[in-house]
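Student: First the structure, which I've put down as structure tokens, then a few questions once you've had a look.
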Amino acid sequence: MKIKDLSNLTEDDLITKEKQLKKDLFDMESHRQMGRVEKPASFRNIRRDIARILTLLNERSIQGKKK
């Protein structure tokens, strides 16, 4: 997911997307424990998407405090 795509979303949408990605990551971790992982690189991609979302939320909260 690109940062440009995420910046168009509202804060509520970002929060719901973050929750969904965290749930997906948890599910993938449980599959990893059972030894059934289809795409190991997707762990890194999901963690990076979560970090992008958290960064956007943090930037928006800082901008809100400055105003």
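The values are calculated or read from the model by the stated rules, or taken from the named source; none is laboratory data. Keep in mind it's a predicted model, so treat the numbers as computed, not measured. Don't worry about glycine lacking a Cβ; one is built from the backbone with ideal geometry, like all the others, and counts go over all protein chains shown.
Student: Out of all the residues in region 1-41, which are over 21 Å from GLN63 (Cα atoms), more than 10 Å from the chain's Cα centre (by Cα) and polar (S, T, N, Q)?
Tutor: SER30, GLN33
Student: Okay, moving on. Mind checking whether some residue in region 42-63 is at pLDDT below 95, surrounded by 12 or more Cβ atoms within 10 Å (Cβ to Cβ), part of a helix (DSSP H, G or I) and more than 13 Å from the chain's Cα centre (by Cα)?
Tutor: Yes; the residues of region 42-63 include at least one that is at pLDDT below 95, surrounded by 12 or more Cβ atoms within 10 Å (Cβ to Cβ), part of a helix (DSSP H, G or I) and more than 13 Å from the chain's Cα centre (by Cα).
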